[in-house]
Amino acid sequence: MPVPSELKYSQTHEWVRVDGDAATVGITDHAQAELGDVVYVELPEPGRVLALDEVFGTVESVKAVSDLYSPVSGEVIEANTTLPDATEVVNQDPYGEGWMVRIRMAAPSELENLMDAADYDRFAQEGAH
Amino acid sequence: MLRTVGAESLDALIEAAVPASIRPTDELRFDAIGDGLSEGRVLDELRGLASRNRVFRSYLGMGYSDCVTPPVLQRNILEDPRWYTPYTPYQSEVSQGRLEALLNFQTMVIDLTGMEIANASLLDEGTAAAEAMAMCHQIRHDRGSTFLVSSDCHPATIAVVQTRASRIGIRVVVGDHREFGFHDEVFAALVQYPASDGAIHDFRPMVERAHQGGSLVVVAADILSLALLTPPGEWNADVVVGTTQRFGVPMGYGGPHAAFLATRDAHKRLLPGRIVGVSRDRDGNPGLRLAIQTREQHIRRERATSNICTAQVLLAVVASMYAVYHGPDGIRRIAQRVHDTAAALESGLRDMGCETGTRPYFDTVRVRVGDGRADAVATRARERHMNLRILDPDTICVAVDETTTLADVDDLLAVFSGVDAPPAAGRLFRAGNGYDAWLERTSSYLTHPVFSRYHSETEMMRYLNRLANRDLSLASSMIPLGSCTMKLNAAAELMPITWPEFARIHPYVPQDQAGGYSALISKLETMLAEITGFDAVSMQPNAGSQGEYAGLLVIMKYHHDNGQAHRNVCLIPQSAHGTNPASAAMAGMKIVVVKCDSCGNIDLADLRVQAEANAGSLAALMVTYPSTHGVFEEPIREICDIVHRFGGQVYLDGANMNAQVGIARPGDYGADVCHLNLHKTFCIPHGGGGPGMGPIGVRAHLAPYLPTHPLVRTGGERGIGAISSAPYGSPSILPIPYAYIRLMGTEGLRRATEVAILNANYVARRLDPHFPVLYKGATGLVAHECIIDLRPIKATSGIEVEDVAKRLADYGFHASTVSFPVPGTMMIEPTESESREELDRFCDAMIAIREEIAAIEQGRADRVDNVIKNAPHTAAHVTADHWEHAYTREQAAYPAPWTREAKYWPPVARVDNVYGDRNLICSCGSVADYDG
């Protein structure tokens, strides 16, 4: 499973792409594969302020529900408004078009608690069986 | 069979399979049950009980109306095992018939209420209103927790809503809807349309005020009235609930019947209960299935929108077919005649100088008799075999229905006049009484062709036959589901339910008219108490989920009365059925999950740790026994002891009671409360997903807390309130468990359990070499069901458990329970009803499928294009001119010899669940669009 090396990862299977003080967040390829075909995505409104590890949305397949946890604290700048009508993108391109929210980070130091690609890859494989 | 399982005798098998610690030293004797009787004797006994019910004309209303069950529906649905024996339609491909009937139900509800989406179905109007309250609370979670309820709602609805609100922090304020204040604390309001006393209020100003204030409006509506009245959807109601009982379903002393909940499309993801949706199958043809199941308890557990599981499918089918049979014109005619009859009564009363309630009304006329005379008038009516509702000492309400004739109206006028007045109603009858413009319905309904196609008995009969043939039921083959006990529903047990003495009794008749029911219920309570080892039983819960909820409330109130109100932790093992955590959440409890060990048993060490860590706040443990893994856990007594030691009560989920009846009793080994799924262990048919009954048994210290009812004296003196609209749940199906127990007798009940355990072990032993049996007890035996592991096959062949489930349909079998309680496995509960021949046929099918998998593993069959991945195969598929598969048509459709003798053809290929959930369509108007 692809685990892009430039991203950071949470234990709840979100990825983070850092761009200045903005963090783009989505779910990993491993997470989408575990869920199966995504049929529903619920995302927050821009402007909502998220605490670290706060639930900011939901992603559902036909037989599983998964909460989305914010890997960093901060204000939601943008949500991917195309996703709810094109949920298959989460499966097809989880690290690209399937992104979910952009957050203006309140405490960039929180990134240090996230995993790098190698650690996440190991973490995901361990949890897989 | 005993040889196969390696036992010398049935006794030896039971001794080895069931832990000695739960078996009583002496054989259980059920004095209230005695010896088994013949079918003739039992039916005579039930006829005797029936004769003690007295069928009076019912004008009591309050959500229950007498009605005509069209005989074509009675014979071809209620009395047809192809309709009453199927399971809940989780396996879409073998359930298209009843899914279509349920889609008709949803369409009927959507049309008549004027809403955008509806479910199929809920348990009764009271719980539907309570579900609507919980749903609105979630939608308006940013507001306060006050729910306004009109005092003009049916009393039972108010009571059920109050009970449900009490544990989840909702404040219910009952009052006059005209004075509702929609401040920030109010998230929603509930009104009745028409009101319980018959009046029809113009709610439009109130709705506007509510919406301005940011609150939602729930309307409990009479579905028949909506054929004439502007539907709530057209005056911006947010949720509409109600019962469909008067659409052809007998009153049955309170149930069963199907309730509904309809709402706006925007709220669909919070809609409780099952929703049928349209999707497409692999070949691109329309296919129906249950939609957005992620809302439900089996997936979302404590965060589900509701704990509802078993609903009222069979009765929803009857109601939907009542609409199909009568069609839009027929439904309007029935509604109009009911209203005209009420109008004739009202003008007659006015003529004789009675003061009647304000117009407009639909079917219920409010009469002010004054001077505290209501009681005297009602008594006079009873002398003439009529029941009237006493609203207050000065006021009577008369609710007429589709069975009310003008002669009946004459009788009513005679009662009010106090003399035998000459017949007058015919003179007063005027057809086509209308309503003012704001109230008169102008929009059309039931416009889909299905509601105009089957109006003759010939056509109706064939439509029902066609739908029934699409489904797999017990009439075709065993339904080897785990945890559901799909046993025989004997014809003799079912016969009494349509007898008028059981069917045509209103739930609120005076006790002296329901002597037969009282005796039946009390005898059945005694027998169930004896079987379970409990001291008292409540029949009120309408399904297992309701039993769980009621049982937990009983426990919480017990703690409360002992000064332990702070106890709110509910321990639930990982392996629990999803309803357990969902019910605990509804009871306002904090859920703490207890781990299971590698054998699927409760991890005793973890239980001790959790119980001790929560010692000060431990309220209960919910445990299923035998476990959901189909194993008799040896230390069940110890489990109960640990919970008791730390101040908790033990709630036993009785879903697996079929492994214990006559052998062990929950009340003896430590449980304090237990529900019984009468639709599993005690032979009420599954109905394709309901009706069910989930009475609870309790030990003496909890008896004072059993559910009560606002209108009928029942339950404990410190009861938890009402949890169902009717005081005894669904009494008209109680003759079924009664007859079952009387037929079997003490001996027979025990023997049935023993054979159920034998059958499960036989299947386990036969399948184990092909699909390993995942969990066994200490002696290598299973209880009454077994789990087979299909996970290793996925790696070697790419075949998943769902694929095997679908392939079983090609062999003519319904699938076993898939991926519960362990993902990637199948659970099989053969029950005692299946013969060795049928068990062998099923095992042969499974073994043959294993060989098909082996062919893939060995490269003899393609990993993608094979008989299993492409299953099920439709007739259209295998007879198509083009056949491009790597296997033969014969391998596809006739994989076993018996399929040559009787072939079940799945009507659709594999249904695409993903497509359906991404493109949600939940009414049949859209099917036509889809077809086009």
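The values are calculated or read from the model by the stated rules, or taken from the named source; none is laboratory data. Bear in mind that the values here come from a model prediction, so they are computed numbers and not experimental data. Note that each Cβ is placed from the backbone with ideal geometry, even for glycine, and that neighbours are counted across all protein chains shown.
Things worth noting here:
- Any chance B:MET251 is touching a strand residue (DSSP E or B) at 6+ places or on another chain (Cβ under 9 Å) and in contact (Cβ under 8 Å) with a residue 40 or more places away in the chain: yes
- Among the conditions (1) away from chain B (no Cβ under 14 Å); (2) in contact with a strand residue (DSSP E or B) (Cβ under 7 Å, 6 or more places away or on another chain); (3) over 16 Å from A:GLU75 (Cα atoms); (4) crowded, with 20+ Cβ neighbours inside 10 Å, A:THR12 misses just one, which is (4).
- The test for being in contact with a helix residue (DSSP H, G or I) (Cβ under 7 Å, 6 or more places away or on another chain), of a type outside the set (Gly, Ala, Ser) and over 18 Å from B:ILE636 (Cβ atoms) does not hold for B:PRO666.
- Look at segment A:41-70: where a residue is more than 14 Å from every other protein chain (Cβ to nearest Cβ) and part of a strand (DSSP E or B) and a partner is crowded, with 18+ Cβ neighbours inside 10 Å and among the aliphatic types (A, V, I, L, M), sitting 6+ places away or on another chain with Cβ atoms under 6 Å, you get A:PHE56/A:LEU50; A:PHE56/A:LEU68.
- Residues that are more than 18 Å from B:GLY812 (Cβ to Cβ) and surrounded by 12 or more Cβ atoms within 10 Å (Cβ to Cβ) within segment B:877-897 comprise B:ALA880, B:TRP883, B:HIS885, B:ALA886, B:TYR887, B:THR888, listed in sequence order.
- Among residues of segment A:20-40 being among the aliphatic types (A, V, I, L, M) and within 13 Å of another protein chain (Cβ to nearest Cβ), the one that is surrounded by the most Cβ atoms within 10 Å (Cβ to Cβ) is A:VAL38.
- Residues that are among the polar types (S, T, N, Q) and touching a residue at least 40 places away in the same chain (Cβ under 8 Å) were ranked within segment B:662-708; the one that is nearest to B:ILE33 (Cα to Cα) is B:THR681.
- Residue among B:ARG82, B:ARG98 that is among the basic types (Lys, Arg), under 17 Å from B:VAL313 (Cβ atoms), touching a helix residue (DSSP H, G or I) at 6+ places or on another chain (Cβ under 6 Å) and part of a helix (DSSP H, G or I): B:ARG82
- Segment B:777-799, residues that are in contact with a helix residue (DSSP H, G or I) (Cβ under 8 Å, 6 or more places away or on another chain) and under 23 Å from B:ALA20 (Cβ atoms): B:GLY777, B:THR779, B:LEU781, B:VAL782, B:ALA783, B:HIS784, B:GLU785, B:CYS786
- Checked against the criteria, B:GLY688 does not count as assigned to a loop (DSSP other than H, G, I, E, B), under 20 Å from B:VAL537 (Cβ atoms) and out of contact with any strand residue (DSSP E or B) (no Cβ under 9 Å at 6 or more places or on another chain).
- Segment B:12-44: number of residues that are part of a loop (DSSP other than H, G, I, E, B) and β-branched (Val, Ile, Thr): 3
Table: residues versus (1) of a type in the set (Asp, Glu); (2) crowded, with 20+ Cβ neighbours inside 10 Å; (3) out of contact with any Gly (no Cβ under 7 Å at 6 or more places or on another chain).
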{"position": "B:ARG303", "(1), (2), (3)": "no, no, yes"}
{"position": "B:SER320", "(1), (2), (3)": "no, yes, yes"}
{"position": "B:TYR325", "(1), (2), (3)": "no, yes, yes"}
{"position": "B:ARG333", "(1), (2), (3)": "no, no, yes"}
{"position": "B:GLN336", "(1), (2), (3)": "no, no, no"}
{"position": "B:HIS339", "(1), (2), (3)": "no, yes, yes"}
{"position": "B:GLU346", "(1), (2), (3)": "yes, yes, yes"}
{"position": "B:LEU391", "(1), (2), (3)": "no, no, yes"}
{"position": "B:THR395", "(1), (2), (3)": "no, no, yes"}
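- Filter result (part of a strand (DSSP E or B) and more than 14 Å from every other protein chain (Cβ to nearest Cβ)) within segment B:268-279: B:VAL276, B:VAL278
- Residue in segment B:55-67 that is surrounded by 23 or more Cβ atoms within 10 Å (Cβ to Cβ) and outside any loop (DSSP other than H, G, I, E, B) present: yes
- Selection of segment B:860-913 for residues being in contact (Cβ under 8 Å) with a residue 12 or more places away in the chain and either within 14 Å of chain A (Cβ to nearest Cβ) or of a type in the set (Lys, Arg) (or both) yields B:ARG863, B:LYS869, B:LYS903, B:ARG910, B:VAL911, B:ASP912, B:ASN913.
- The single residue among B:THR294, B:THR310, B:THR305 that is within 14 Å of chain A (Cβ to nearest Cβ), among the hydroxyl-bearing types (Ser, Thr, Tyr) and outside any helix (DSSP H, G or I) turns out to be B:THR305.
- Of everything listed in (1) on the phi > 0 side of the Ramachandran plot; (2) more than 14 Å from chain A (Cβ to nearest Cβ), the single unmet condition for B:GLY357 is (1).
- Residue match in segment B:91-108 (condition: farther than 27 Å from B:HIS814 by Cβ, more than 18 Å from the chain's Cα centre (by Cα) and in contact (Cβ under 8 Å) with a residue 60 or more places away in the chain): yes
- Out of B:LYS487, B:LYS523, one residue alone is among the basic types (Lys, Arg) and surrounded by 24 or more Cβ atoms within 10 Å (Cβ to Cβ). It is B:LYS487.
- When segment B:280-291 is filtered for residues that are away from chain A (no Cβ under 12 Å) and crowded, with 24+ Cβ neighbours inside 10 Å, the ones remaining, listed by number, are B:ASP281, B:GLY287, B:LEU288.
- Test: B:ARG47 is out of contact with any Cys (no Cβ under 8 Å at 6 or more places or on another chain), farther than 28 Å from B:GLN511 by Cα and not in a loop (DSSP other than H, G, I, E, B): no
- From A:GLU97, A:GLU88, residue being in contact with a helix residue (DSSP H, G or I) (Cβ under 8 Å, 6 or more places away or on another chain), at pLDDT 95 or above and within 14 Å of chain B (Cβ to nearest Cβ): A:GLU88
- Residue count for segment B:426-472, restricted to those that are assigned to a loop (DSSP other than H, G, I, E, B), surrounded by 12 or more Cβ atoms within 10 Å (Cβ to Cβ) and basic (Lys, Arg): 2
- Among (1) in contact with a Phe, Trp or Tyr (Cβ under 8 Å, 6 or more places away or on another chain); (2) in a helix (DSSP H, G or I); (3) crowded, with 24+ Cβ neighbours inside 10 Å; (4) not charged (D, E, K, R), the one test that B:ALA156 misses: (1)
- Taken over segment B:110-122, the residue count meeting the criterion of being of a type outside the set (Asp, Glu) and more than 20 Å from B:LEU224 (Cβ to Cβ) is 1.
- The set of residues from segment A:74-94 being surrounded by fewer than 19 Cβ atoms within 10 Å (Cβ to Cβ) and either part of a loop (DSSP other than H, G, I, E, B) or acidic (Asp, Glu) (or both) comprises A:GLU75, A:GLU78, A:THR81, A:THR82, A:ASP85, A:ALA86, A:GLU88, A:ASP93.
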